[in-house]
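I have placed the structure first, in the form of structure tokens, so that the comments after it can refer back to it.
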Amino acid sequence: MEKYTHQLFKEYLLSEESLSPDQSRALQEHMRECAECRQQEAAWTNVERVFHRAEVVMPAEGFTARWQDRLAARRLTTQRKRAWIFFSVTAGIAVILSALLIFGAVQAFSSPLQLLSKAVYFLVMTFFYYRRISEFVGNMNLALPLLSIALLVFFTGFVSIVSVLWAVMYRKLSSSRRVNI
């Protein structure tokens, strides 16, 4: 059985849900004894009567269009701010990492000649590995022509799908959405 309190009766008065017979009976008994709840019921009934008699006011002509335009402009402004923040943070991180890399490279070598020789060595090794990988791929192409065609088709399809997904997501994330009323 539900324990009835003064607060519960106040909630019953303001509730739009229908009450059970026991709840309704308990509320009526409480209303006979409690002047505060009778006053609240009368005030609430008066408020509901005023709402039902009130005239429905329509918005001014063009309100919806102006509101939608303002909403679209606000979203575009917010989107641009977020893009600039993202760009600024990314650029800042890139500058900091570049500075740390340059500082570390300068500290690692005792002379500019040593730094230059390491850079030349890196470029020569990159070229060497590129040539070796090219020869390996060329040999694979001669040895397994069907596999290379299948890989080429798969790779082309994969790149195409990823490109389409990127374009769709970019379009979805960058377009402003309108609210239809």
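Values quoted throughout were computed directly from the atomic coordinates according to the rules given, and no laboratory measurement underlies them. Computed from a predicted structure; not experimentally measured. Here Cβ is always computed from backbone atoms with ideal geometry, including for glycine, and neighbour counts include all displayed protein chains.
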Span-like helix ranges in the chain, DSSP H, alpha carbon extent 20 angstrom or more, Kyte mean at least 0.0: 63-108, 112-143, 145-174
What does the helix-only formula give at 222 nm for the chain: each DSSP H stretch with n ≥ 4 adding -39500 (n - 2.57), the total divided by the residues, and the result rounded to the nearest 500 deg cm²/dmol? -29000 deg cm²/dmol
With the charge dipole of the chain built from beta-carbon charges (+1 for Lys and Arg, -1 for Asp and Glu) about the Cα centre, the Cα from GLN114, THR5, GLY104 projecting farthest to the positive end belongs to GLN114
Relative compactness, the chain, computed as alpha-carbon Rg over 2.2 N^0.38 Å: 2.35
Neighbourhood net charge (15 Å Cβ-Cβ; Lys/Arg +1, Asp/Glu -1) for MET125: +3
Would you work out if the range 6-53 is rounded, prolate or oblate? Take a ≥ b ≥ c from the square roots of the eigenvalues of the alpha-carbon gyration tensor; rounded if a/c is under 1.5, else prolate when a/b is larger than b/c, oblate otherwise. oblate
Using every alpha carbon pair in the range 54-102, what percent of pairs falls into each 5 Å bin from 0 up to the bin containing the largest distance? 5, 17, 10, 12, 9, 10, 8, 6, 7, 5, 4, 3, 2, 1, 0
For the chain, the dipole about the Cα centre with charges only on Cβ (Lys and Arg +1, Asp and Glu -1), to the nearest 20 debye, works out at 1260 debye
What are the GluC sites (Glu not before Pro) within the range 1-89 that DSSP puts in a loop, where the Cβ has at most 10 other Cβ atoms within 10 Å? GLU2, GLU16, GLU17, GLU55, GLU61
Using alpha-carbon pairs under 8 Å, 6+ residues apart, how would you state the relative contact order of the chain in percent? 26 percent
